[in-house]
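One structure is given below, encoded as structure tokens.
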Amino acid sequence: MGAPAGLRRVLDDLGTTLLDLLHGDPDAVPRLGGVAIHDPIDEPDLPPAALVLGVGVGGAAATITLLTQLGRRGAAGLVLRAPVTVTPAVLAAARESGVALLGLTRGATWAQLAAMLRVLLAEGDVGADTAESLGGLPSGDLFALANAVAALVDAPITIEDRSNRVLAFSGRQDEADRGRIETVLGLQVPEVYSRVLTERGVFRELYRSTGPVLVDPVTPLDGAGALPRAAIAVRAGEEVLGSIWAVLRDGLSPDRARALGEAATLVALHMLRVRAGADVQRRLQADLVSTALEGGSGAREALQRLGLADRSVVVLALAALDPADAQDAASDAGSANDRQRLADAFGVHLSAVHPRSATALVGHVAYGLVPVTGEDADVRAVRIATDFLDRIGPRLPAVVGIGPAGRDVAGLAAARVAADRALRVLRVRNGAGGGGAGAVRVARADDVHVEGLLLELHDLAEARGDRPAGPVARLGEYDAAHGAQLVPTLRAWLDAFGDVPAAAAALYVHPNTFRYRLRRVAEVGGMDLGDPDVRFAAMVQLRLLDL
């Protein structure tokens with residue numbers, strides 16, 4: 001695919017719009033080793049030549065301290081939120097450390113920057129060692145392509161997908177209007193603009209036309225100036241992959257229209273290559289993660305290829321809570337798409353936490369392997385999972401089971417089993433559609449160990465065709481024949497640990513009525529409620545009935 005992503009490449013693609021080089025030589029770092037987020041409490045394990053995002057770092061003193069630390073650890077660059085305090089002392093620290101200092105444009109988010117850097121650094125990981133080219137440009141390099149198209153049409157452009165998400169943008173965006181700047185900073189056409197374009201029928205015309213479509217300016221609510229656009233759909237056969245949008249100051253000439261038409265064909269080839277490369281990389285990662293988790297003969301090699309060999313790794317198992325069982329192909333496809341989007345977001349989150357993390361969707365479960373250090377690895381894993389679920393919010397209910405840290409191949413396989421057990425307990429607890437307010441969404445295997453064993457006991461009973469027997473069976477048959485409430489009475493009494501007033505309140509009956517029913521439980525069931533073994537057997541059977 002494209003050339004290695006060094007600091008120069010990052011600035012060429014994202015500079016002037018998202019990043020500003022404050023100090024350093026971008027050519028001194030021909031290849032970045034990864035992206036890491038600075039954590040002042042839990043120091044991250046930096047890859048070589050890392051680009052560090054200094055989230056929340058401000059002031060000259062803090063900047064100098066961090067630059068010194070990063071210089072000792074071989075980092076390539078530090079990104080801080082603009083405006084950055086650049087004093088002679090800060091510049092001196094940057095020179096001495098050898099760490100490039102960059103500023104993130106105000107209005108852009110750290111999540112957007114991390115996602116785009118991840119895409120740039122991922123190029124070249126899959127495929128041949130020699131760079132492929134399409135139309136004279138590195139295959140799949142949409143940013144280079146955007147700049148080439150901008151030069152052809154002499155206008156700043158964006159390449160967008162069908163959902164109006166920005167896949168790449170050219171330079172010279174400062175020549176555009178406010179709407180374009182907001183689009184680039186947000187990597188998404190703002191809803192207010194897309195709604196107006198939809199009401200005007202622009203998208204309908206765009207996807208029906210084979211040539212460029214002229215789009216009248218969309219004036220912002222505050223009346224700021226706006227410029228017209230020319231857009232053209234990007235197609236692969238009958239499939240619309242996305243579109244190219246050019247901001248025009250002096251109209252769409254025949255030469256510009258022809259250039260856009262030719263560019264659309266080339267962009268389609270690159271978009272297909274990006275999609276194919278992403279699919280191949282996703283399948284490769286899924287195979288490696290699955291092999292590592294199975295613990296077989298290939299697990300050691302899979303861990304080495306993932307860069308996780310000889311490390312303690314915690315396993316996180318993530319699954320969406322489907323609102324209901326899929327009833328048709330459309331709902332099946334929608335659920336599959338939701339699972340993939342959830343897994344992709346999980347991967348971005350974990351890679352920001354630790355650059356060596358590996359994530360893959362295996363079946364309906366997204367597994368995350370996160371290297372950890374220290375004795376509180378599972379506690380940190382709970383914090384990571386909770387933070388992720390808080391970020392995605394309630395729009396896609398999900399739960400995460402966490403296994404203990406695995407220190408070798410066998411330990412990792414056992415950790416996966418434990419994570420699966422915790423995940424299953426959470427799915428049963430929350431049921432279809434997710435739990436209500438206060439529902440537990442993250443659990444360690446140790447936290448739900450007994451519930452997991454009960455589920456496995458239920459599976460065994462189901463496989464053998466076992467049914468409730470003894471006193472509980474007799475009580476159930478009596479209730480069915482006489483419309484009585486002896487089984488609920490026994491359950492409430494056991495749950496209340498023999499506290500009759502509390503058990504009666506749970507069933508909304510008078511304590512004397514409850515005592516009468518409890519005597520009937522002992523008589524009909526033939527139970528000695530004073531025998532702890534009898535009580536335990538009844539509790540287990542009732543739990544299995546609940547499942």
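Go over the candidates Val509, Val500, Val448 one by one and state the one that is among the hydrophobic types (A, V, I, L, M, F, W, C), under 30 Å from Ala414 (Cα atoms) and at pLDDT 85 or above.
Among Val509, Val500, Val448, only Val448 is among the hydrophobic types (A, V, I, L, M, F, W, C), under 30 Å from Ala414 (Cα atoms) and at pLDDT 85 or above.
Looking at (1) surrounded by fewer than 18 Cβ atoms within 10 Å (Cβ to Cβ); (2) not assigned by TED's automatic domain parsing to the domain that holds Val399, which is the only condition Leu453 fails?
(2)
Exactly one condition in (1) in a loop (DSSP other than H, G, I, E, B); (2) modelled with pLDDT of 80 or more; (3) under 22 Å from Pro355 (Cβ atoms) is false for Gly127; which is it?
It is condition (2) that Gly127 fails.
Taking region 506-519 on its own, how many of its residues are within 14 Å of Leu475 (Cα to Cα) and buried (at least 18 other Cβ atoms within 10 Å of the Cβ)?
The qualifying residues number 2.
Go over the candidates Ala538, Ala503, Ala445, Ala481 one by one and state the one that is buried (at least 19 other Cβ atoms within 10 Å of the Cβ) and without any contact (Cβ under 8 Å) to a residue 24 or more places away in the chain.
Every option except Ala503 fails the conditions.
Restricting attention to region 177-209, which residues are in contact (Cβ under 8 Å) with a residue 24 or more places away in the chain, assigned to a loop (DSSP other than H, G, I, E, B) and within 24 Å of Val240 (Cβ to Cβ)?
Leu187, Val189, Ser209
Does Ala259 qualify as being modelled with pLDDT under 90, assigned by TED's automatic domain parsing to the domain that holds Asn164 and exposed (fewer than 12 other Cβ atoms within 10 Å of the Cβ)?
no
Of the residues Val472, Val448, Val534, Val521, only one is closer than 30 Å to Pro394 by Cβ and either within 38 Å of the chain's Cα centre (by Cα) or assigned to a helix (DSSP H, G or I) (or both); which?
Val448
I need the full set of residues from region 136-152 which are at pLDDT below 65 and either exposed (fewer than 15 other Cβ atoms within 10 Å of the Cβ) or part of a helix (DSSP H, G or I) (or both), in order please.
The one that is at pLDDT below 65 and either exposed (fewer than 15 other Cβ atoms within 10 Å of the Cβ) or part of a helix (DSSP H, G or I) (or both): Gly136.
When the residues of region 180-202 are filtered to those that are modelled with pLDDT of 90 or more and surrounded by 19 or more Cβ atoms within 10 Å (Cβ to Cβ), which remaining residue is farthest from the chain's Cα centre (by Cα)?
If we take residues in region 180-202 being modelled with pLDDT of 90 or more and surrounded by 19 or more Cβ atoms within 10 Å (Cβ to Cβ), then Val202 is farthest from the chain's Cα centre (by Cα).
Looking only at residues that are part of a helix (DSSP H, G or I) and touching a residue at least 12 places away in the same chain (Cβ under 8 Å) in region 457-469, which one is surrounded by the most Cβ atoms within 10 Å (Cβ to Cβ)?
Step by step, filter region 457-469, then rank; the result is His458.
From the list Ala422, Ala481, Ala443, exactly one residue is among the aliphatic types (A, V, I, L, M) and more than 30 Å from Ala377 (Cα to Cα). Which is it?
When all the criteria are applied, what remains is Ala481.
Would you call Leu486 at pLDDT 85 or above, within 13 Å of Phe514 (Cβ to Cβ) and surrounded by 17 or more Cβ atoms within 10 Å (Cβ to Cβ)?
yes
Rundown of residues vs (1) on the phi > 0 side of the Ramachandran plot; (2) in contact with a helix residue (DSSP H, G or I) (Cβ under 6 Å, 6 or more places away or on another chain); (3) not acidic (Asp, Glu), yes/no style:
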{"residue": "Gly363", "(1), (2), (3)": "yes, no, yes"}
{"residue": "Ala415", "(1), (2), (3)": "no, no, yes"}
{"residue": "Leu426", "(1), (2), (3)": "no, no, yes"}
{"residue": "Ala443", "(1), (2), (3)": "no, yes, yes"}
{"residue": "His449", "(1), (2), (3)": "no, no, yes"}
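So the check is Cβ under 8 Å with 6+ separation or different chains; which pairs have a first residue in region 63-83 that's on the phi < 0 side of the Ramachandran plot and a second one that's surrounded by fewer than 16 Cβ atoms within 10 Å (Cβ to Cβ) and of a type in the set (Gly, Ala, Ser)?
Ile64/Ala89; Leu80/Gly58; Arg81/Gly58
Of the conditions (1) within 14 Å of the chain's Cα centre (by Cα); (2) surrounded by fewer than 18 Cβ atoms within 10 Å (Cβ to Cβ), Ser351 fails just one. Which one is it?
Just one mismatch for Ser351, condition (2).
The values are calculated or read from the model by the stated rules, or taken from the named source; none is laboratory data. It should be emphasised that the depicted structure is a prediction, and the values quoted were computed from it without experimental measurement. Cβ sites come from the backbone with ideal geometry, for glycine too, and all protein chains shown count toward neighbours.
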